[in-house]
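The values are calculated or read from the model by the stated rules, or taken from the named source; none is laboratory data. Small disclaimer: the values here were computed from a predicted structure and weren't measured. Cβ: placed from backbone, ideal geometry, glycine included. Neighbour counts: every protein chain shown. What goes into the accessible areas is simple: the full protein's heavy atoms, side chains included, and nothing from ligands, DNA or RNA. Shrake-Rupley method; radii C 1.70, N 1.55, O 1.52, S 1.80 Å.
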Amino acid sequence: VADVGEKVLLVGGGPSGAETALQLAREGRQVTLADMGTAAEALSRWIKCLDLELRQNNVVFLFEHMLERITSEGAALMNRSFERVLVEADTIVLSLGFAPNKASLQEFEGIAPDTYAIGDCRKIGDVLQATHDGFNIASML
């Protein structure tokens, strides 16, 4: 594990990113949490107490900002108005989303008469969503 500096930029405001930001802030680091989505989108992914704890631990939020490049001083972000924001950081943590892995599904096509996409082959989610997908497909069979 790499050493974490005092000024941390965490890119990605999903549950994992938010919880990581909270832990780093609790350890006394100055944390900025940047996410492409709106504040409302981030809040819909977090449990209410997580938002409160992030604010109580002085995490700075930059919603509607996308990582453009990492620099020697930190990172350049761009907001939806195409304005560049430079964030000073000695550590940058990427907690970014994924795209569905459709290629994995294609590897199984033709092996069995029917092939169904569940979990991350269908839509990036969590284990609960994948379990529901499997249950729903099984009930149709």
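Heavy-atom accessible surface of region 1-59, averaged per residue, reaches 55 Å², computed with a 1.4 Å probe. Separation of region 10-80 and region 104-128, taken as the distance between their Cα centroids, equals 31 angstrom.
For residue 62, the residues whose modelled amide H falls within less than 5 Å of its own, excluding neighbours fewer than 5 places apart on the same chain, are 33, 34, 35.
Principal axis extents of the Cα atoms in the chain, from largest to smallest and rounded to whole angstrom, are 55, 35, 31.
If you fit an axis through the alpha-carbon atoms of helix 15-26 and take the longest principal axis of the Cα set of the chain, what angle between them do you get, 0 to 90°, nearest 10? Helix 15-26 sits at roughly 30 degrees to that axis.
For region 1-92, with all protein chains in place and a probe radius of 1.4 Å, 52% of the accessible heavy-atom surface sits on carbon or sulfur. Charge dipole of the chain (Cα centre as origin; +1 on each Lys and Arg Cβ, -1 on each Asp and Glu Cβ, all else neutral): 240 debye, rounded to the nearest 20.
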